[in-house]
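The values are calculated or read from the model by the stated rules, or taken from the named source; none is laboratory data. Since the model is a prediction, treat every value here as computed from it, not as a measurement. FYI the Cβ positions are ideal-geometry reconstructions off the backbone, even for glycines, and counts take in every protein chain you see. Side chains are part of the model used for accessible areas, which takes the heavy atoms of the whole protein and leaves out ligands, DNA and RNA. Shrake-Rupley method; radii C 1.70, N 1.55, O 1.52, S 1.80 Å.
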Amino acid sequence: MQDVYITDLDHTFLRSDLSISKQTKEIWNSYASNSILSVATARTYKKSAELLDGIYINAPMILLDGALIATMDKKIIDTKFIPKDVADAIIDEGAKLGIYPFILALKDKELNEAFLYSDILNSHQKEVLTRYAKDDNLKECKNIQAMRDNFKVVYMGEENLLRELSSNLKSIFGDELKFILAPEAYVGCYFLTILHKDADKSHGIRSVSEYVGFDLAKLTVFGDNHNDLGMFELANISVAVANAQTEVKQVADIVLEHTNDEDAIAHYLRGIKS
């Protein structure tokens with residue numbers, strides 16, 4: 001049975017400038033012939049495929065925090081959507097606090113994605129949008145409303161405000177939805193991600209395992225943030241990079257000496273191969 005390696009992208013596999021070093025590419029790809037290799041990320045299909053150019057991936061990717069499972073050649077394996085009426089109700093609750101979300105949705109079965117945002121933005125959202133200025137899936141909305149197939153609703157802002165919103169939403173929806181509140185390392189604020197109750201990296205890995213037929217006892221995962229905790233619990237070996245959040249390091253089987261900017265995963269893979 002093949003070994004399985006699944007990694008988070010941001011602050012784990014990717015450097016902080018979103019690049020992947022030559023060393024990491026070479027060492028990761030050297031596992032391609034005898035291992036199952038994939039990623040589990042909050043990012044969309046399009047952005048993940050772009051960032052992983054030259055990286056060998058031979059199993060379906062876990063995308064959008066597990067709301068989408070898809071192969072590199074755009075075959076959809078599984079989806080977990082937030083219905084339009086639920087997403088619109090979420091938007092209404094945020095509006096009561098004067099904040100509006102980003103909405104990531106599916107436009108069509110060709111994996112074209114929509115990134116909706118309100119014309120009312122805070123400074124953190126404005127900064128994030130500068131990173132996506134060249135993307136062709138952005139749509140500004142005067143009165144933002146959800147689409148039919150919504151992968152996730154994401155708020156960015158100060159921690160206290162997002163905690164209040166999260167509490168309000170939990171009182172309305174209970175276990176119907178999943179809520180992830182965590183620091184956003186790129187722009188120095190917090191983000192609140194709202195997903196289908198079964199949209200997470202752990203459920204995503206199980207879906208990939210069933211599709212590919214690999215043994216979870218052979219699974220090693222790499223991560224840094226709160227949305228990686230589920231797959232840490234599932235994996236045989238969980239590995240946190242040196243720059244990981246404290247809560248992630250506390251539950252990891254292994255905490256690496258190197259950060260994502262120091263090719264942490266490459267050092268680990270080279271070490272177990274030698």
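Quick notes
- When the criteria are applied in full, Ile172 meets the requirement of being more than 28 Å from Asp253 (Cα to Cα), open to solvent by 70 Å² or more (accessible area, probe 1.4 Å) and either assigned to a helix (DSSP H, G or I) or modelled with pLDDT of 95 or more (or both).
- Of all residues in segment 251-267, those satisfying the criterion of being under 23 Å from Gly204 (Cβ atoms) and surrounded by fewer than 21 Cβ atoms within 10 Å (Cβ to Cβ) are Val251, Asp253, Ile254.
- When Val221 is tested against (1) over 15 Å from the mean Cα position of the chain (by Cα); (2) of a type in the set (Val, Ile, Thr); (3) under 15 Å from Leu14 (Cα atoms), exactly one condition is not met: (1).
- Complete set of residues in segment 33-48 that are hydrophobic (A, V, I, L, M, F, W, C) and open to solvent by 20 Å² or more (accessible area, probe 1.4 Å): Ala42
- All positions within segment 204-227 that are at pLDDT 95 or above and either assigned to a strand (DSSP E or B) or surrounded by 22 or more Cβ atoms within 10 Å (Cβ to Cβ) (or both): Gly204, Ile205, Val208, Leu219, Thr220, Val221, Phe222, Gly223, Asp224
- Strands (runs of 3 or more DSSP E) fully within segment 71-142 counting 1 or more residues that are under 21 Å from Leu177 (Cβ atoms) and aromatic (Phe, Trp, Tyr): 102-106, 113-118
- Annotation note: Cβ proximity below 9 Å between a residue of segment 149-172 that is more than 11 Å from Glu93 (Cβ to Cβ) and a residue that is open to solvent by 10 Å² or more (accessible area, probe 1.4 Å) and among the polar types (S, T, N, Q) (sequence gap 6+ or interchain) occurs for Asp149/Thr79; Phe151/Thr44; Phe151/Thr79; Met156/Asn122; Gly157/Asn122; Glu158/Asn122.
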